[in-house]
Number of protein chains: 2
Amino acid sequence: MSDSDVKKVVIIGSGPAGWTAAIYAARAGLEPIIYVGVPKQDPGPVLPGGQLMLTNDVENYPGFPEGVSGPEMMAMFQKQGERFGARIVGEDVERCEFDPEGKVHTLHTSDGKSVRAHAVIISTGATANWLGLESEMRLATTGGGVSACAVCDGALPMFRDQPLAVVGGGDTAMEEAHHLTKFASTVYVIHRRDELRASKTMQDRVLSKDNVEMVWNSTVVDCLSEKDSFGSDKITGIRLKDTKTGEERDLAVKGLFVAIGHTPATKFLRDTALSFDDAGYLVLPGRSSRTGIPGVYGAGDVADATYRQAVTAAGMGCQAALDAENDLGERGLL
Amino acid sequence: MSDSDVKKVVIIGSGPAGWTAAIYAARAGLEPIIYVGVPKQDPGPVLPGGQLMLTNDVENYPGFPEGVSGPEMMAMFQKQGERFGARIVGEDVERCEFDPEGKVHTLHTSDGKSVRAHAVIISTGATANWLGLESEMRLATTGGGVSACAVCDGALPMFRDQPLAVVGGGDTAMEEAHHLTKFASTVYVIHRRDELRASKTMQDRVLSKDNVEMVWNSTVVDCLSEKDSFGSDKITGIRLKDTKTGEERDLAVKGLFVAIGHTPATKFLRDTALSFDDAGYLVLPGRSSRTGIPGVYGAGDVADATYRQAVTAAGMGCQAALDAENDLGERGLL
């Protein structure tokens with residue numbers, strides 16, 4: 001392998017962070033290669049393009065006053081990256097050997113090959129945890145009223161003044177429930193135990209709302225739906241099972257928000273010297289995209305348990321490409 | 001004044017950061033008011049919408065594969081914010097009285113009025129410093145080949161394989177020059193003295209490039225231009241004056257990049273308890289948008305001397321709105 005085989009920048013992951021990094025790196029002449037990954041079920045679908053591929057209406061990504069569908073938006077990101085010369089590879093990166101000195105990193109991919117690069121941008125995202133019901137996945141992927149993000153979807157007209165349910169008992173579930181109280185007639189918080197894991201403050205904040213109703217000791221075992229006047233399947237209720245008595249009952253809701261956490265896609269990095277927090281998120285020590293290893297950068301949800309929005313991920317992708325360009329220049333690798 | 005007069009969120013500044021904060025805050029039901037400012041000359045134009053109002057082709061904001069003009073893009077941001085109910089006020093905020101406990105902040109505006117708010121998002125941006133030439137401003141605002149951002153504009157087709165000039169001697173000028181070496185036939189770096197202020201590393205990085213030529217002891221006193229086949233005025237050269245001999249000569253270039261620094265719009269905040277760095281940028285201590293004062297947030301170029309891109313500013317605006325929503329909820333102010 002000659003040194004010309006060492007790529008300047010390899011990007012792992014193809015959501016808003018990865019593609020924004022690709023757009024910036026390509027425009028800067030860094031000839032980035034973006035590993036967009038292999039489609040899989042885990043248990044929900046994991047697709048090139050990331051979580052937005054499962055989002056019907058993106059209303060809050062700035063620049064689209066009328067909204068845009070997630071897949072459409074990601075197609076535009078990709079087109080823009082390819083226009084400037086980013087090269088796509090449809091494989092997963094399965095294992096990384098990072099050079100502690102940051103000169104040449106080696107990535108092993110799902111086709112049994114490997115690629116070497118001076119700079120690696122990790123933007124593999126995080127996936128929402130799902131309950132694992134067939135009806136849940138079907139409605140979540142067709143705009144049927146099931147979502148894993150209240151901040152993204154809660155303000156949609158279909159949820160206004162309707163009874164909605166949130167499943168979960170942690171801080172995120174409370175945040176989602178609180179957000180929904182502004183739009184819903186009633187927010188049912190479904191939790192499998194008889195107390196919440198969420199902090200006291202978060203609990204108080206939600207439980208003090210007039211339109212919140214707790215449903216304790218219950219799990220969701222099915223989503224009920226009916227075709228609307230356009231022939232599109234919409235949620236009409238959820239089937240609950242009492243975790244103590246085993247009894248089942250139906251609860252009428254027009255939206256279900258699954259808030260049982262996210263899992264960052266960092267498993268393939270666990271044998272590296274990178275730092276992770278307790279939940280597995282990549283830790284970035286400063287305000288930049290730099291990790292603890294020179295030439296390795298993090299961007300998007302994989303390194304952000306807090307905001308997790310398309311536009312914040314895109315911003316971080318831009319930072320990573322600019323940091324990489326700057327560092328490669330400083331180290332005479334351009 | 002009753003407590004109902006206290007707004008939940010006031011946003012100061014209307015570039016990508018301000019409008020993204022407005023979109024998110026409005027969708028979260030926080031009824032934001034955005035002070036978009038009064039148009040002025042300082043010495044270049046300062047407009048509601050920010051620096052993008054002076055940018056003809058935005059090729060790197062993700063989501064627009066064919067590019068978009070800066071003013072068009074900002075019109076879309078505004079439309080999106082207004083769609084969700086953000087309220088616009090066409091005044092400047094001239095003075096802030098921040099409540100150290102973060103409960104009620106008071107802002108004094110250019111119409112002699114004041115507004116009170118629980119949360120204040122500062123997204124007033126930064127303006128590029130210009131040479132102050134009439135020809136420079138005219139060409140900069142009409143896509144004539146004068147720019148204050150090589151990362152934004154350097155990759156445009158009009159600059160490919162052409163002689164380009166960068167004015168400045170600091171680190172930013174070196175970064176801009178380095179970025180341009182990838183596209184230009186020759187990059188002339190024009191500096192009024194006979195040594196650079198830039199760090200040794202940055203100097204080496206640029207001076208080692210074959211297509212960089214230093215022009216010492218020189219200032220740009222005029223931009224020369226000709227109408228192209230579409231009747232649009234394009235730069236054809238610059239008039240240089242030797243700072244030692246006073247002699248003038250013309251240098252043929254197809255692009256001029258003014259890199260003599262930026263000035264963050266923080267003057268109106270100097271008598272507050274906020275922290276600023278030496279260059280006047282608002283300091284955000286952590287990875288969030290929170291400043292040292294509870295309920296006061298920073299977003300976009302006003303708090304970012306490093307990246308200064310539309311998409312990074314937009315990401316920061318989103319963070320500020322989500323941080324504000326979260327904090328207001330925690331403190332029972334929603």
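Could you tell me how many of the residues in the range B:199-223 are part of a loop (DSSP other than H, G, I, E, B) and open to solvent by less than 40 Å² (accessible area, probe 1.4 Å)? Residues flagged as part of a loop (DSSP other than H, G, I, E, B) and open to solvent by less than 40 Å² (accessible area, probe 1.4 Å) within the range B:199-223 amount to 2.
So, of the residues in the range B:273-298 that are open to solvent by less than 20 Å² (accessible area, probe 1.4 Å) and over 20 Å from B:D99 (Cβ atoms), which turns out to be nearest to the other protein chains (Cβ to nearest Cβ)?
B:Y281
Hey, can you tell me all the residues within the range B:1-53 that are without any contact (Cβ under 8 Å) to a residue 60 or more places away in the chain, in a helix (DSSP H, G or I) and either over 22 Å from B:T127 (Cα atoms) or open to solvent by less than 10 Å² (accessible area, probe 1.4 Å) (or both)? Of everything in the range B:1-53, those that are without any contact (Cβ under 8 Å) to a residue 60 or more places away in the chain, in a helix (DSSP H, G or I) and either over 22 Å from B:T127 (Cα atoms) or open to solvent by less than 10 Å² (accessible area, probe 1.4 Å) (or both) turn out to be B:D3, B:S4, B:R27. Within the range A:128-157, residues that are among the charged types (D, E, K, R) sit with their Cβ atoms under 8 Å from residues that are assigned to a loop (DSSP other than H, G, I, E, B), at 6+ positions apart or across chains, in these pairs: A:E136/A:W130; A:R138/A:G144; A:D153/A:T55; A:D153/A:D57.
The rows are residues; the columns are (1) more than 10 Å from chain B (Cβ to nearest Cβ); (2) more than 28 Å from B:T181 (Cα to Cα).
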| residue | (1), (2) |
| --- | --- |
| A:V302 | yes, yes |
| A:T306 | no, yes |
| A:Q309 | no, yes |
| A:T312 | no, yes |
| A:A324 | yes, no |
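Consider the range A:225-242 and keep the residues that are among the hydroxyl-bearing types (S, T, Y) and in contact with a strand residue (DSSP E or B) (Cβ under 7 Å, 6 or more places away or on another chain). The one that is nearest to A:F159 (Cα to Cα) is A:T236.
Applying a threshold of 8 Å to beta carbon distances and a minimum spacing of six or more residues, or different chains, the list of pairs starting in the range B:224-248 at a residue that is within 17 Å of B:V189 (Cα to Cα) and ending at one that is hydrophobic (A, V, I, L, M, F, W, C) and in a loop (DSSP other than H, G, I, E, B) reads B:I235/B:V253; B:T236/B:V253; B:G237/B:V253; B:I238/B:V253.
The values are calculated or read from the model by the stated rules, or taken from the named source; none is laboratory data. All values reported here derive from a predicted model rather than from experimental measurement. Note: ideal-geometry Cβ built from the backbone for every residue, glycine included; neighbour counts use all protein chains shown. The accessibility values were calculated without ligands, DNA or RNA, using every heavy atom of the protein model including side chains. Shrake-Rupley method; radii C 1.70, N 1.55, O 1.52, S 1.80 Å.
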